[in-house]
Amino acid sequence: MNYYSLNRQSPVVSFREAAIKGQAPDKGLYFPETLPSVDKELIENIEQFSNEEIALRVIRPYVGDCIPENELQRIVSETVSFPVPLVKVTEDMYSLELFHGPTLAFKDTGARFMSRCLGYFLRNETKKVTVLVATSGDTGGAVASGFYGVEGVEVVILYPSGKVSPVQEKQLTTLGKNIRALEVNGSFDDCQRLVKQAFADEELNRQLFLTSANSINVARWLPQQFYYFFAWKQWPHREAPPVIAVPSGNFGNICAGILAARTGLPVNHFIAACNVNDIASHYLSTGELKPKQAVSTLSNAMDVGHPSNFVRILELFGYDELKDFLSAATITDEETLQTIGSVYNQYGYLCDPHGAVGFLALQRYLESHPGQRGWVAETAHPVKFPEAVEKVTGKPIEWPEAVKDLVGRPKNSVEMEPEYDALRTWLLSQI
Ligand SMILES: *Cc1c(COP(=O)(O)O)cnc(C)c1O
């Protein structure tokens, strides 16, 4: 399988090259040249397959011969090594809990797969690779955990000081080994700007082998299809494919689901559940894609004004076709808090702010489409966003077992002013 750039100015590349490069030289996103069809047998008899078998079947055509079968099997099995339960919340609404991975967010799946692919591709490199990543919270933790201990790879994470939640900060700063955290005295935008400057710095790139672990990377995007199949395996209403609501920011997650559907997974409808950063709603009602300056919300992993993966959705569907298959919802912070409360009080289910955006979006859709049912991609554990959740429930959330051992671990970060020279000097001092 080869990948072309959506800007169509760069040559096609293999999966290997697309995964190492991240973005095409013309700044376009890579996209598979052909779309494979998923076996009918897999769809019809999915409960007879293990998660590992499902994932291997789904990803195999996208990887082609870049990774031998036994290695790919190992990578897949390490990627899907945690449960992804579909939990019934009401008669019509289910929650696909994507937060049972090591960092309690859906990004674990993509980060684990990508880190292991890179580890394999770079196994014979003599020069160390430095993965440089800016995070507003969840990405950094998933990338840190995914790459932890991977030979030949150093990870440097920039995060805005004081602007990530306590669990998130622990996940970024306590691993050690090949993971380093830079605590930037500024905003997430500052972190992102610094990282972009580093990638554009030719002199620096001659000295360091820099790569990104950004969500546009095909090795992070494509494995996110796995759990849409795992949900189908657990879906109790086979005769009626689900409506799926996905809390969306950069649209990588929902775009993976749409790809799965495009290649054979039964889905009735997708809802891009957004906070007030809702350029998808605007696009679907007007046909015009108009990036906006992002504003801060309670579901801050979705505070994206220019969702990078949206162009991939447009490559999968024309506007008219897309309008029937995808809708978008805009949910305010006030509605998010109300929904955390109502889902908790009425159904005894505690969701995080991102999941709450999804629940309200799904609920509204089902009200206007009676007789249908669906599920929400619950993208993070509520403990990662305790402020909003505790405000509603009035009591502290317990840290789940998976992160309890983080509590006592000492934080290890390098404080840094939001200036490029500071980052550059520090990076060079690490070679
Ligand atoms: C990253 C993230 C999202 C947004 O996912 P996209 O793939 O960027 O649309 C939603 N919820 C949580 C908790 C996240 O961490």
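Could you work out the local net charge near Phe385, counting Lys and Arg as +1, Asp and Glu as -1, over the other residues with Cβ closer than 11 Å to its Cβ?
Result for the local shell: -2.
Considering only Phe385, Val414, Pro400, whose Cα is most displaced toward the positive end of the charge dipole of region 384-423, charges sitting on Cβ of Lys, Arg (+1) and Asp, Glu (-1)?
Positive-most Cα among the choices belongs to Pro400.
Output the antiparallel fraction of DSSP beta bridges having both residues in the chain, as a percent to the nearest 5.
20
What does the extension gain come out to for Glu78 and His100, with contour length at 0.36 nm per residue minus their alpha carbon separation?
Numbers: separation 22, 0.36 × 22 = 7.92 nm, distance 1.38 nm.
My answer for the length gained is 6.5 nm.
Calculate, for Tyr420 and Val12, the FRET efficiency according to 1/(1 + (r/R0)^6) with r their C-beta to C-beta distance and R0 35 Å; round to the nearest 0.05.
Calculated transfer efficiency: 0.55.
With unit charges on the beta carbon (Lys/Arg positive, Asp/Glu negative), name the residue among Leu72, Phe49, Pro85 whose Cα is farthest towards the positive pole of the charge dipole of region 19-117.
Leu72
Across region 121-244, how many lysine pairs, 8 or more positions apart or on different chains, have C-alpha atoms separated by under 26 Å? Please give the number.
So the count works out to 9.
What's the FRET efficiency of Gln338 with Tyr148 using the Cβ-Cβ distance as r and R₀ = 41 Å, to the nearest 0.05?
0.60
By its C-alpha gyration tensor, with a ≥ b ≥ c as the square roots of the eigenvalues, how is region 36-80 shaped: rounded for a/c under 1.5, else prolate for a/b larger than b/c, else oblate?
oblate
Can you classify region 274-431 as rounded, prolate or oblate using the Cα gyration tensor, where a ≥ b ≥ c are the square roots of its eigenvalues, rounded means a/c under 1.5, and otherwise it's prolate if a/b beats b/c and oblate if not?
Oblate shape, in that a/c is at least 1.5 and b/c is the bigger or equal ratio.
I need the calculated FRET efficiency for the pair His369 and Asp405, taking r as the beta carbon distance and R₀ as 45 Å, to the nearest 0.05.
Calculated transfer efficiency: 0.50.
Which net charge results for the neighbourhood of Ser95, defined as the other residues with beta-carbon distances under 15 angstrom from its beta-carbon, given Lys and Arg at +1 and Asp and Glu at -1?
Result for the neighbourhood of Ser95: -3.
Got a sec to turn the phi values of region 86-102 into Karplus ³J(HN,Hα) couplings, 6.51 cos²θ - 1.76 cosθ + 1.60 with θ = phi - 60°, whole Hz, x for Gly and Pro?
Going residue by residue, I get 9, 9, 6, 10, 9, 4, 10, 10, 10, 10, 8, 7, 9, 10, 9, x, x Hz, with x marking Gly and Pro.
Would you list which lysines come within 24 Å of Lys323, measuring only between C-alpha atoms, while excluding same-chain residues fewer than 8 positions from it?
Lys290, Lys292
Under 12 Å Cα to Cα from Lys384, which aspartates and glutamates show up? Leave out anything in the same chain fewer than 8 places away.
Asp138, Glu169, Asp352, Glu398
Given DSSP loops and a limit of at most 13 other Cβ atoms within 10 Å, what is the longest stretch of the chain that contains no such trypsin sites (Lys or Arg not before Pro)?
293-410
Check Ala328: other-chain or 5+ apart residues with amide H under 5 Å from its amide H, H built from backbone geometry?
Answer set, sorted by chain and number: Ala272.
Where nothing but the Cβ of Lys and Arg (+1) and of Asp and Glu (-1) is charged, how large is the charge dipole of the chain around its Cα centre, in debye to the nearest 20?
It works out to roughly 600 debye.
If I model a spin label at Thr126 and Arg193 as a point 7 Å from the Cα along the Cα→Cβ vector, what separation in nanometres do I get?
Here the modelled spin labels are 4.0 nm apart.
If neighbour count is taken as other Cβ atoms inside 10 Å, put Trp232, Trp399, Trp221 in order from fewest to most.
Trp399, Trp232, Trp221
Quick note: the coordinates plus some simple rules give every number you see, no bench work behind them. Small disclaimer: the values here were computed from a predicted structure and weren't measured. Glycine also receives a Cβ, built like all others from the backbone with ideal geometry; neighbour counts cover every protein chain displayed.
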